[in-house]
Amino acid sequence: MMAGNISSEKIDLLVYGPNKPIVDNGFSDQFVLHPAETRADLDRLSPAVAAKIRGAAVTYSTARCDAGVMELFPKLEIVSSFGVGYDHVDAKYASEHKIVVTNTPDVLTEEVADIALGLLIATLREFIKADRYLRSGLWTTQQFPLSVGSLRDRKVGMVGMGRIGQAIGRRLEASKVPVVYHSRNPAPGVSYQHYPDLIEMAKAVDTLVVIVPGGPSTAKMVNADVMKALGPRGVIINVARGSVIDEVAMIAALKSGAILAAGLDVFANEPAVPDELKAMQNVVLLPHIGSASVVTRNAMDQMVVDNLKTWFAGKPPLTPIAETPVTSR
Ligand code: NDP
């Protein structure tokens, strides 16, 4: 990796994506910030500015940082990306071109785990339907029907057992719900039963909580065969990425009764959500809010800033991704 500049020379940074006050106000006057909210804004940067850019803050996953973007900046040393998932950054290109990529793990783990458990309970116990029922005035004439779903008689198969998966597992354990998991390798220090085969796990449980990274290695891994194995009591909670589930197959399975219900925070083509899903009563749909509280988003924004500042102070960045490791500088 190139050595960071700790001289008095100004450091030019690209701020790519939505405007974030913590990022905009987070740098001393040693840095010059060049905002570009959209891909079209990037193309409007002058070649002279592009040639000076040494670091980039990618402030949301809608700002795709692919090879075509990174090659606009020949002096780019570091991409500091917002979010723990970085499927919107071409990590392979970055690694090949000695560009460090950082993400924002840990600070969002518990927040996302809260959403996963909340979404699971809301789906099983039909919170949204019950809220609509009360507001419509129906409660004054009759009791809300008993929910078919319950957390009490369930066994959860986690798809992914990393930082967030383990935080969800802790919540389920506290709720006295048995947990098993699927991932490519057993997770160190985790005592739940590991299934190397997703279909075998789906046969053994009735609930999937999906929390793996997006990208090619997980694309549509929860497919029609997995849903068939899960069976008619099956419930799917997806707080990972929309790409991980075969959305068309899931809609068909929900319609036919091949599975019972789903709680979804993420979708294949966000922010577009299929009308068929919106029309269903047995789904709870959230607009990708896993980490979306003020306190957690502020911590994530701060980490975007801190990774860049640390790098340009000549130190290893705080949270490089596995594909672009930096152990010393
Ligand atoms: P970690 O890297 O800590 O954990 C990832 C887990 O997924 C590991 O258990 C890993 O195990 C497993 N995994 C990775 N690839 C595969 C694969 N191909 N097949 C099976 N298992 C796989 O990540 P986090 O827990 O911190 O975050 C997980 C993801 O959650 C993020 O990448 C992001 O996409 C999503 N997320 C969503 C949010 C939201 O707002 N809804 C907010 C935050 C995160 P192994 O490598 O052994 O396979």
Unit charges on C-beta of K, R, D, E only; dipole of the chain, Debye: 620
Using Cβ counts within 10 Å as a stand-in for footprinting exposure, how do H97, H182 rank, fewest first? H97, H182
Restricting to lysine pairs 8 or more places apart or on different chains, what number in segment 109-285 have Cα atoms under 15 Å apart? 7
The local net charge around D29, scoring Lys/Arg +1 and Asp/Glu -1 for residues other than D29 whose Cβ lies under 14 Å from its Cβ, equals -1
Please work out how much length the chain gains when fully extended from R135 to R44, using 0.36 nm per residue of separation minus the C-alpha to C-alpha distance, in nm with one decimal. 27.8 nm
Distribution of pairwise C-alpha distances over the chain, 10 Å bins, in %: 5, 24, 29, 21, 14, 5, 1, 0
Choice from L138, L254, L13 showing the highest fluctuation, given a GNM over the chain with Cα pairs closer than 10 Å: L138
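If contacts are Cα pairs under 8 angstrom and at least 6 residues apart, what is the relative contact order of segment 225-329 in percent? The partial results should precede the final answer.
Details: 109 pairs, mean separation 21.2, N = 105.
Computed over segment 225-329, the figure is 20 percent.
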Cβ under 12 Å from I321's Cβ, I321 left aside: what net charge do those residues give with Lys, Arg +1 and Asp, Glu -1? -2
From the Cα centre of segment 215-242 to that of segment 246-319, the distance in Å is 15
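Out of segment 28-110, which GluC sites (Glu not before Pro) are coil in DSSP terms and have no more than 13 other C-beta atoms within 10 Å?
Passing both the DSSP loop test and the Cβ count: E71.
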Using only helices, what value at 222 nm comes out for the chain when you add -39,500 (n - 2.57) per DSSP H run of length 4 or more and divide by the total residues, to the nearest 500 deg cm²/dmol? -9000 deg cm²/dmol
Computed over the chain: longest principal axis from alpha-carbon atoms vs helix 294-312 long axis, angle to nearest 10 degrees, is 30
Exposure proxy ranking, count of Cβ atoms within 10 Å, fewest first, for F27, F73: F27, F73
Run the numbers for Q193 and R125: contour at 0.36 nm per residue of separation, minus the present Cα-Cα distance, in nm. 21.8 nm
Report the Cα-based extents of segment 109-285 along its three principal axes, largest first, to the nearest Å. 54, 33, 28
Is the C-alpha gyration tensor of segment 187-306 telling us rounded, prolate or oblate? Criteria: a/c under 1.5 is rounded; beyond that, a/b larger than b/c is prolate, otherwise oblate. oblate
Of T59, T327, how do they rank once you tally other Cβ atoms within 10 Å and put the fewest first? T327, T59
Express the relative contact order of the chain as a whole percentage, based on alpha carbon pairs under 8 Å and six or more residues apart in sequence. 19
Using 14 Å as the cut-off for backbone N distance, which residues of segment 55-93 belong to the label zone defined by a point 7 Å from the Cα of A322 along Cα→Cβ? 85-87, 91-92
Specify the angular offset, from 0 to 90 degrees and rounded to the nearest 10, of the alpha carbon long axis of helix 109-125 from the longest principal axis of the alpha carbons in the chain. 20
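Every number here is computed from the coordinates shown, using simple stated rules; none is lab data. All values derive from a computational prediction rather than experimental measurement. No Cβ is skipped: glycine too gets one built from the backbone with ideal geometry, and neighbour counts run over all protein chains shown.
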